[in-house]
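Structure, as C-alpha cells:
The values are calculated or read from the model by the stated rules, or taken from the named source; none is laboratory data. These numbers were taken from a predicted model, which means no experiment stands behind them. Please note: Cβ atoms are built from the backbone with ideal geometry, for glycine as well, and neighbour counts cover all protein chains shown.
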Amino acid sequence: MDGAGVDDKTSLFQSMTFSDGVQEPCIWSSPGGIHKINIGKRIFCNRSLNMTSIVAVGFDMDYTLAQYKPETFESLAYEGTIRKLVYDLGYPPKLSVVLAWTFDWKYMVRGLVLDKKRGNILKMDRHKYVKVAYHGFRELSKEDKVATYGSTLIRDAFDEPDYALIDTLFSLAEAYLFAQLVDFKDNNPGKIPGDAGYSRMYKDVRAAVDLCHRDGTLKQMVAKDPKRYVMLMISNYCGQEI
C-alpha cells in the first residue's frame with residue numbers, strides 16, 4: 001500500500017463484498033482471510049492492533065467461552081464455600097449439618113452493593129441514592145435507611161474497603177451466603193469464630209470461595225458431569241469440545 005492515494009484506498013473499501021451483501025473494508029486484515037469467517041463469529045475491536053508478534057491469544061473461559069448454568073454451578077460453589085468455612089476456617093459445623101442451608105439463585109442480582117461493615121445489602125440508583133436496604137434478609141425501614149446512609153443530598157462514596165459491588169455472576173452465591181451469615185450471627189451471638197464482625201465474615205466468605213477455586217474442588221465436580229453445570233448446546237453450536 002506504499003504510495004497509495006485516496007482513490008486507491010477508496011477502491012479497497014469498495015472491493016470487499018461479503019456473502020451477506022454488505023461491503024466492508026479489508027485494510028485492517030490480511031486480504032482474503034476474513035472471507036472465511038462468518039460475521040457472527042468474528043471478533044471486532046475499536047482500534048487497530050498489530051498482531052505480527054502475537055503467538056497466541058487467550059480467553060477467560062468462565063462465563064465467556066464456557067457458559068455455566070447458574071442454578072447448578074452457583075449452587076455447587078455455594079455448597080463448597082460452606083464446607084470451606086466449616087472445615088478450613090473454623091465456622092460451626094451447624095452451618096452445613098443442622099441448618100442445611102440452600103442457595104436461591106434467583107434472589108440476588110448483579111448491581112447490588114454489600115455494606116461489609118454493617119452487614120447490609122443495598123440497591124442504589126445512578127445517583128448513589130440508596131433506594132432499598134436489607135440487613136441480612138430483613139428490610140430496613142425508611143427511617144433506618146436514611147439515618148444510616150443519609151438523605152438525597154449527603155451520601156457515602158460506597159467504595160472499597162467498606163463496600164463490595166456484586167458485579168459478576170460468581171459473586172451472587174457469596175453475597176447470598178453473606179446475608180445468611182449476617183442473620184446467623186445476629187441470632188446466635190458468640191457462635192462465629194472469634195465473634196467476628198460483619199467485615200471479617202465477608203473476608204472469610206471470600207477466602208472460602210478462593211479456596212474452592214484454588215484446590216480444584218469446583219473443576220473436579222464440573223469435569224465429572226459437564227452437562228449438569230455447563231450449557232453444552234451453546235458450546236457444541238460454536239464447535240467447542242468439552
*Take region 71-116 and flag every residue that is over 14 Å from Val209 (Cβ atoms) and part of a strand (DSSP E or B).*
Val113, Asp115
_Just to check your reading of the model, which residue among Arg118, Arg138 is closer than 28 Å to Glu71 by Cα and surrounded by 11 or more Cβ atoms within 10 Å (Cβ to Cβ)?_
Arg138
*With the condition kept exactly as written, say whether any residue in region 203-210 is more than 20 Å from Thr102 (Cα to Cα) and at pLDDT 90 or above.*
yes
*Does Thr81 meet the test of being more than 17 Å from Arg200 (Cα to Cα), in the same structural domain as Asp159 (by TED's automatic domain parsing) and among the hydroxyl-bearing types (Ser, Thr, Tyr)?*
no
*Phe158 passes all but one of (1) more than 21 Å from Ala208 (Cβ to Cβ); (2) at pLDDT 90 or above; (3) part of a loop (DSSP other than H, G, I, E, B); (4) not acidic (Asp, Glu); which number fails?*
(2)
*asked:* Where the second residue is modelled with pLDDT under 90 and among the hydrophobic types (A, V, I, L, M, F, W, C) and the first is closer than 15 Å to Asp125 by Cβ and lies in region 135-153, which pairs have Cβ atoms under 7 Å and are six or more apart or on separate chains?
replied: Lys145/Val130; Tyr149/Val130
